[in-house]
Each structure stands twice: as C-alpha cells, then as structure tokens.
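Some notes on the structure that comes next.
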Amino acid sequence: MSTSETTPKGALPYGRPPQTEFDDGLDYPRIGGVSFRRGTLTPNQAALWEEHWDRVGRTLSDEVIDPERWFGRPGPTILEIGSGTGTSTVAMAPREADHNIIAVELYRPGLAKLLGAMVRGGVDNIRLVRGDGVEVLQRMIAPGSLAGVRVFFPDPWPKARHHKRRILQSGTLRLIASRLAPGGVLHAATDHAGYAEWIEDLREVEPALEPMDWPWPECPILLDRPTTKFERRGLGLDHEIREFVWRRRAGEEPAR
Ligand SMILES: C[S@@+](CC[C@H](N)C(=O)[O-])C[C@H]1O[C@@H](n2cnc3c(N)ncnc32)[C@H](O)[C@@H]1O
C-alpha cells in the first residue's frame, strides 16, 4: 500500500520530519521534536477538512508551489508563517483581494479553524500549507517569488536554552530574503520584550533586507493587522506590541 493511501489528508509523516542541512554558518531554528503539532478536530471541522483540503491545502513536500495554478489566477503572493488559528489571515485577505495568501502552520486544529472561517466567509484568496516554515520556504517556495512574508507573534521561547528555536534567526532571514522579490516586504510583530530585543539585534544582519521605519505609509503590502488572540492576551498583560518591517533590497542577491 502506498503512503498516500494510508495517510489521512493533511497528516505530517510519522517520525522526525525531514530537515534540510544548511551549511552557510547561519542559524536556522530546529523544532522537529516539539510536540505542539497534535490536536483533534471537531466533527464539523473534520467534515470541512475532508471536503476542502485537497483543493486549498497541502502538506510539506519537495514540490515547488506554482501560485498561479493553485489560486487559478496570477497575483502577488504573500506567505504567512505561523498563522495560528488564522484570525489575522482571514481578516486581512478580503482587504488584499488581488493578493494570493499562503498560510503556513504546523498545528492542524489552527489550520482547520482558518479553513472554517474561509468557507463561512467565502474567502478564496487563501491557501494552506501544513509544515515547518523554514522547510516550506526552502523546499516549496521559488526564489524571488514573494511580495511579502508575515510572521505575527511567533512563539517567544522565553528560556535561554530554547532561543535557538525562535523562528527569526540569521538563517531564516537569509532564506526569507531569497524568497522575496526585490522590493518585497517582511513584516514581523511581537508582544514579547525579549523577542523584540532579539529581533532588534537581527535588524541589520541580512544585507539583502533593508530595515524600514515603522509606520511605513507607502508600504506596498497591507500592514494593518486586526488584533489576534495572542495579541489580545498580551495587551491584557500590558505588553507593548512591536512591529518590524524590512524591504528586500534590489541588486543584493542572498545566496540560497
Ligand atoms: C504564538 S502563535 C501566534 C499565531 C498567530 N500568528 C497569531 O498572531 O495569533 C505561533 C504559531 O506559530 C506556529 N509555529 C511555530 N513554529 C512554526 C514553524 N516553524 N513553522 C510553522 N508554524 C510554526 C505555532 O504552531 C503557533 O500556532
């Protein structure tokens, strides 16, 4: 029996996920052993998943995505890494109706929630990828193809020994820069003071990414986020929200 016959839709392969070996001396987060990817769907979510996943979802693979084919139309593509339950994804997509939005998340119930909101709201410019953000960028996204990358409220991994799991690292920034088209935008937000400091330290680390000031009224992609569940929790705790934006420099080719 082939794996596709035995693996349920959108399931990640058993065991430790395949990880690309990067040999450029930069830091890449490794979260392969982390168990937060489990979780069950409600019967309603499972039914929607069964009905829609084949059209709007895919799991991590070595197949480079052709957005024009997948969305059935051309358009600038934005990748959101760690979309969670998709609160901002589904609220922003109708406001950027000409854009094709790809949400990357490991947590299946989160993707299922987003899928439910897409179906209920008739939002058809979002597609879902289940997998690790670094691997998806490396293996499924063509170099120079993205208009934007979003990383909203990434897991802060507050303990020092877990900092290497933070998604924003020198290597991830290099990889993101290589997938952005010249002029493309990286937008990150955090409510965690330690993570904000961490990002400050990485602001200038990637030569192909130009740090931009916030606010940035002329930004070519939508920067206005609705308040997400994690953000609301942070605001309740009096956390300051920090936004970081970069523009992919033209003529500076990141080696990847
Ligand atoms: C704190 S939540 C924030 C979710 C959402 N962006 C929001 O603002 O509500 C971080 C999310 O990133 C996801 N995540 C963490 N590491 C990831 C990775 N390497 N690739 C894809 N998703 C990841 C987690 O599963 C989690 O849902």
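Derivation of every value follows stated rules applied to the coordinates shown; laboratory data play no part. In this text, all values refer to a predicted model and were calculated from it rather than measured experimentally.
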Looking only at aspartates and glutamates whose Cα falls under 17 Å of LYS159's and that sit 8 or more positions away or on another chain, we get ASP191, GLU197
Note to self, the chain gives a 222 nm [θ] from helices alone (DSSP H runs n ≥ 4, -39500 (n - 2.57) apiece, / all residues, nearest 500) of -8500 deg cm²/dmol
A student applying the Cα gyration tensor rule (rounded when a/c is under 1.5; otherwise prolate if a/b is larger than b/c, oblate if not) would label the chain rounded
Helix 108-121: inclination vs the chain longest Cα principal axis, degrees, rounded to 10, gives 80
Nearest 10, in degrees from 0 to 90: the angle of helix 193-202 to the longest Cα principal axis of the chain is 70
Once amide hydrogens are built 1.01 Å from N within the peptide plane, the residues lying 5 or more places from ALA208 or on another chain with amide H under 5 Å from its amide H are none
Going residue by residue through segment 152-161, the Karplus relation 6.51 cos²θ - 1.76 cosθ + 1.60 with θ = phi - 60° gives ³J(HN,Hα) values, rounded to whole Hz and with x marking Gly or Pro, of 9, 6, x, 3, x, 6, x, 6, 3, 6
